[in-house]
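The values are calculated or read from the model by the stated rules, or taken from the named source; none is laboratory data. For clarity, every value in this text was computed on a predicted model and none was experimentally measured. Heads up, the Cβs are rebuilt from the backbone with ideal geometry, glycines too, and the neighbour counts pull from every protein chain shown. Please note that ligands, DNA and RNA were not included when accessible areas were found on the heavy atoms of the full protein model with its side chains. Shrake-Rupley method; radii C 1.70, N 1.55, O 1.52, S 1.80 Å.
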Amino acid sequence: MASTLEKFIHSLDLRALPRVLQIQSGIYGQGSVYEMFGNECSLSTEEVIKVIGFKINKLIASICENNEGSQFSAKVELPLNFPGLYKVVADKTPYVSIEEIARKVSIGPTRFGHPCFYSTKDIKLANFTIKHDEQIIFNSVEEVHGTMAVNCVVVRNNQSHSFTLPVSQEGEFYECEDDQIYTLKEIAEWKIPKCRHRIVKLSNTLHMWASSSPLPENFDGCLILMPVYEVQAVMKFRKDIVHILSDLDVEVKDVTDCYDTSSFLQPLSLEDIFERTSKEFPMVAEIMEGPSGSQNPYKLLSTGKEIVIHKKYQAARVLASEMRSDSSKKRYLIPMSYKGKFKRRPREFPTAYDLEIARSEKEHLHVVATKAFTSPHKELFSVSVGDQFLVQQRQTSEVLYEGRKRLIDVLACEQILSGSYKKVLLPMYMEGGFVEVIHDKKQYHLSEICKEFHLPFNVKVSVRDLSIEKDVLAAAPGLQFEEEITDSYLLISSASSPVESWEIPVYRLNMLVHLLSKDVQAVVPPVTRTTVEEVSEEEYYMLRRYENLTLHPPPRPPKKPT
């Protein structure tokens, strides 16, 4: 039965892809040429296309100046790269079954694909009872003993309990409140259920919009988001991807069951390639849709080029930020293969507790006080601006407080005087200000810094990496190495002239390829070129946010005795 393209997309389950559609009728039905994103294609009546995916192309947002309970007024169009971080408002409309949740909500292996719901009533399973109002984490959908089910987790007393819920399970399920923050693009990809809208609240703006903002000035309210989808499709006799907006006035019919889908090319994303087993590498692929960019390796990845994908792996990177106070600060991911050298730059420490974290056994941390501090205890030292200290170690000390002796954490230091040293104790809760004095003139490789010092760490490039065509780090006035992260990469080279290979990030590079049935020998890949990757402000916050989730936060600084 024929339906509009928009209705078809709203009713389609992503897990049912790919689907083959036949054009039935519409204003583009008589061999008209339709152009979108530079791709020109003819949508003739009875033309057959293979839908390989769809994603939200843009959002229609209704504006609410106050909160989600108020009346929504003006509508504006927002691109997915519109800046800002947003909090998702929990949907107040219940889901009536697990099947409805699995069909309408994005559930997947990534960190975004684990939605949380609660049931208004207890759910009794064979060996487990889910209590009403208890948070249920949905991790994945799979077939269990011939029945579709959702793998779930409930956390009780810091213990995780895993179980499956069949899609046939009925009830009244509500979304849990989500205290995470997201970019608009992440919300579009993961947090808008099918056939529903999504209310979000602006958490904070990251930077100014280049043109005039479609939102009211100093906007602090909510938005109700309605998606417009972009359909990704493959046409016969074409090697590129065509993009069609879901609101195109055309009728389609699903003919998948009576059509040979293998007659179309099979596009694969970098995530699809990365999920393949290591034994399947190396492989030859042709790029169907490449990323933008004029620098290597992006100019190597233009549409139509053939590449060899040698292997997949996890690789370490150091996340670094320029030491600037203005909004033009740039951020980078630096590989351990970077061949330049760095000299140390002074670090700043707001508290005595930060001095304790930064000190090392290798050398004494030498600092100058930039802020005065008067100690409330005579046993502890009062600091004046300009006082210099060598940081020793953390210990405890007795102080007299309201006539009683108490033990508190202190930082043992040596005050540097003219020609002598004086042992002093600083309270760990001290909120002062210190600047590091650098005596070390040595030049360090990146791997040495990560091995010998605690991050964050301040540096400046002293010897640039001559193997890089343009070393962007050398122009920075200073860099702060913030943390070391691990990310997923593919190693690629040109199939026609494999003189060098490049590492490309799996989750930050949008491109599609199709595999070629060409033999490639499992030879040693050509020499790998170093690439310093500049990351956007949104990517930076996402990298820091999710990397920090895997780390145990340091203990909070001890409070001042009250």
Residue 124: which lysines have alpha carbons under 25 Å from its alpha carbon, excluding same-chain residues fewer than 8 sequence positions away? 92, 104
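Could you list the GluC sites (Glu not before Pro) in region 387-418 that lie in coil according to DSSP, counting only those with at most 11 other Cβ atoms within 10 Å of their Cβ?
In loop regions of region 387-418 (DSSP not H, G, I, E or B), the sparsely surrounded GluC sites (Glu not before Pro) are 402.
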Roll a 1.4 Å probe over the protein heavy atoms and report the accessible area of residue 97 in Å², nearest 10. 10
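Relative to the Cα centre, what is the charge dipole magnitude of region 91-176, using +1 at the beta carbon of each Lys and Arg, -1 at the beta carbon of each Asp and Glu, and rounding to the nearest 20 debye?
Charge dipole of region 91-176: 200 debye, to the nearest 20.
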Just going by the charge dipole of region 299-377, with Lys and Arg at +1 and Asp and Glu at -1 on Cβ, which of 323, 375, 350 is farthest out on the positive end? 323
Counting other Cβ atoms within 10 Å, which trypsin sites (Lys or Arg not before Pro) in region 271-374 have at most 11 and lie in a DSSP loop? 362
Quick one: 3J(HN,Hα) in Hz for region 13-22, Karplus 6.51/-1.76/1.60 with θ = phi - 60°, rounded, Gly and Pro as x. 8, 4, 6, 8, 6, x, 10, 9, 10, 10
Taking a quarter of the surface of the convex hull around the Cα atoms of the chain, what do you get in nm²? 34.3
Positive-end residue, region 348-436 charge dipole about Cα centroid, Cβ charges, pick of 417, 401, 433: 401
Using the Karplus equation 6.51 cos²θ - 1.76 cosθ + 1.60 (θ = phi - 60°), what ³J(HN,Hα) coupling, rounded to whole Hz, does each residue of region 451-456 give in order, writing x for Gly and Pro? 7, 9, 10, 7, 8, x
What distance in nm lies between label points placed 7 Å from Cα along the C-beta direction at residue 142 and residue 284? 3.5
Tell me the net charge near residue 445. Cut-off is 11 Å between Cβ atoms, residue 445 excluded, with +1 for each Lys or Arg and -1 for each Asp or Glu. +1
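Around residue 369, what is the net charge, scoring Lys/Arg as +1 and Asp/Glu as -1 over all other residues with Cβ under 15 Å from its Cβ? If you can, show how the numbers build up before the last one.
On the way: positive: 347, 371, 422; negative: 348, 354, 387, 414, 431, 436.
Net charge around residue 369: -3.
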Run the helix sum for the chain: -39,500 (n - 2.57) per DSSP H stretch of 4+ residues, divided by residue count, reported at 222 nm to the nearest 500 deg cm²/dmol. -2500 deg cm²/dmol
Compute the acute angle (0 to 90°) between the alpha-carbon long axis of helix 537-549 and the principal axis of greatest extent of the alpha-carbon atoms of the chain; round to the nearest 10°. 70
For residue 245, the net charge from surrounding residues (Cβ-Cβ under 11 Å; K, R +1; D, E -1) works out to -3
Below 8 Å between Cα atoms, with a sequence gap of 6+, how large is the relative contact order for region 348-436 in percent? 38
Note, region 253-267: 3J(HN,Hα) by Karplus (6.51, -1.76, 1.60, θ = phi - 60°), whole Hz, Gly/Pro = x, goes 9, 7, 10, 4, 5, 10, 9, 8, 5, 5, 6, 9, 5, 10, x
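In debye, nearest 20, what is the charge dipole magnitude of the chain about its Cα centre with +1 on Lys and Arg Cβ and -1 on Asp and Glu Cβ, if you could check?
I would put it at about 1920 debye.
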Decide, for region 91-176, between rounded, prolate and oblate: order the square roots of the alpha carbon gyration tensor eigenvalues as a ≥ b ≥ c, take rounded if a/c falls under 1.5, and otherwise choose prolate if a/b is larger than b/c, else oblate. rounded
Taking the C-alpha atoms of region 383-499, how large are the radius of gyration and the largest Cα-Cα span, Dmax, in Å? 22.7, 83
Based on the Cβ-Cβ distance of residue 417 and residue 228, what FRET efficiency does E = 1/(1 + (r/R0)^6) give at R0 = 56 Å, to the nearest 0.05? 0.20
Which far-off residues, 5 or more places away or on another chain, put their amide H under 5 Å from the one on residue 365, with H placed in the peptide plane? 360, 391
Could you provide, to the nearest whole Å², the per residue accessible area of region 250-356 with probe 1.4 Å? 48
Remind me, relative contact order of the chain in percent, using alpha carbon pairs under 8 angstrom and six or more residues apart? 15
Considering only 336, 136, 530, whose Cα is most displaced toward the positive end of the charge dipole of the chain, charges sitting on Cβ of Lys, Arg (+1) and Asp, Glu (-1)? 336
Would you work out the charge dipole size for region 348-436 about its Cα centre, treating the Cβ of every Lys and Arg as +1 and the Cβ of every Asp and Glu as -1, and quote it to the nearest 20 debye? 340
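Could you give the length gained on full extension between residue 431 and residue 75, defined as 0.36 nm per residue of separation minus the Cα-Cα distance, in nm?
Gain in length upon complete extension: 123.4 nm.
Can I get the semi-axes of region 431-527's equivalent ellipsoid? Compute them from the C-alpha gyration tensor as square roots of 5 times the eigenvalues, in angstrom, largest first.
38, 17, 13
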Using only the Cα atoms of region 348-436, build the gyration tensor, take square roots of its eigenvalues as a ≥ b ≥ c, and label the shape rounded, prolate or oblate: rounded if a/c is under 1.5, else prolate if a/b is larger than b/c, else oblate. prolate
Pairs from 362/460; 7/121; 87/343 whose Cα-Cα separation, in the structure shown, is over 31 Å: 7/121; 87/343
